[in-house]
Ligand code: SF4
């Protein structure tokens, strides 16, 4: 059932948990989409991901990580060389600045290692609370909720919170779920936001959450129209999960780049 004006706290929590379970089935492939093999690489990739697709970041990072394997390398980086390497991710001058300052701060204060605590991470150059939670959840296995633009939009549409401040959203949504589920929940919500529940024209008619979502109808509800809005290589699977004929999914949806 969708949310009604007089939904109780308990009712909202139950609906939130149901949404979580449906998303687990809808996006079995959900994961951190930034390639990395250690906390430093994830911190760097997350800084580069500002105003840039994860796909583009992943194209740049293999060469970058090979050239700068440690915090010391970023601290002593040649600015021009680093700028050239990360230029395709946009805002490369600011990002270069952040990476060099991050390297220096890690060397000066943390012996070159990325710390595993939120309070320490947020003091580092280029690392806000969102980035810190990504690092904690994916490089340190500390449960974290990542409130990015997709997360914020979707939990708002679902009526899970009316908060607009990211930190308040983090706490409000965190209270609805088990702490141990926070990291994967964040990935699944972000996956759903990138592939189904877009900012403009969400694929309501091909969404697995129609019965749980008060914003159903924000996008087209006709399945034949909605499937065209699905994005990525699993578009046909997403249609099946929503009970829609996968043959309605056009090749363009399967080939569409996930934002
Ligand atoms: S029903 Fe529509 S608004 Fe609700 S989650 Fe699905 S795509 Fe988004």
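Coordinate-derived values only; no laboratory data. Because the structure is a prediction, the values reported are computed rather than measured. So basically every Cβ, Gly included, is an ideal-geometry build from the backbone, and we count neighbours across all protein chains shown.
If you stretched the chain out fully between residue 178 and residue 258, how much longer would it get, using 0.36 nm times the residue separation minus the C-alpha to C-alpha distance?
Result for the pair: 26.0 nm of gain on full extension.
Taking Cα atoms only, the orientation of helix 54-67 departs from the longest principal axis of the chain by about 20 degrees. Across the range 204-255, Cα-Cα pairs farther apart than 14 Å form 42% of the total.
Per residue, the average separation of C-alpha pairs within less than 8 Å and at least 6 apart gives the range 200-259 a relative contact order of 34 percent.
Computed from the alpha carbon positions, the gyration tensor of the chain leads to an equivalent ellipsoid with semi-axes of 35, 22, 13 Å, biggest first.
Find the centroid of the Cα atoms in the range 235-256 and in the range 51-70, then give the distance between the two in whole Å. Using only Cα atoms to place each centre, the spacing works out to 31 Å.
Subtracting the Cα-Cα distance of residue 35 and residue 221 from their residue separation scaled by 0.36 nm leaves 63.5 nm.
Over the residues of the chain, the helix contribution to mean residue ellipticity at 222 nm works out to -15500 deg cm²/dmol, using -39500 (n - 2.57) for each DSSP H run of at least 4. Helix 129-139 versus the longest principal axis of the chain: what is the Cα-based angle in degrees, 0 to 90, to the nearest 10? Compared with the principal axis, the helix lies near 90 degrees. Averaging 1/r across all pairs of distinct Cα atoms in the range 146-197 and inverting the result yields a Kirkwood radius of 10.8 Å. Here the label points at residue 83 and residue 165, each 7 Å from Cα along the C-beta direction, are separated by 3.8 nm in the simple model. How would you classify the range 39-139 from its alpha-carbon gyration tensor, with a ≥ b ≥ c the square roots of the eigenvalues: rounded for a/c under 1.5, else prolate if a/b is greater than b/c, otherwise oblate? It is oblate, given that a/c is not under 1.5 and a/b is not larger than b/c. Once C-alpha pairs closer than 8 Å and six or more residues apart are averaged by separation and normalised to the residue number of the chain, the relative contact order reads 18 percent.
Modelled spin labels at residue 245 and residue 51, positioned 7 Å past Cα toward Cβ, are 4.5 nm from each other. Estimated at 0.36 nm per residue, the fully extended path between residue 24 and residue 149 surpasses their Cα-Cα distance by 43.0 nm. The angle between the Cα long axis of helix 182-195 and the longest principal axis of the Cα atoms of the chain comes to about 70 degrees, rounded to the nearest 10.
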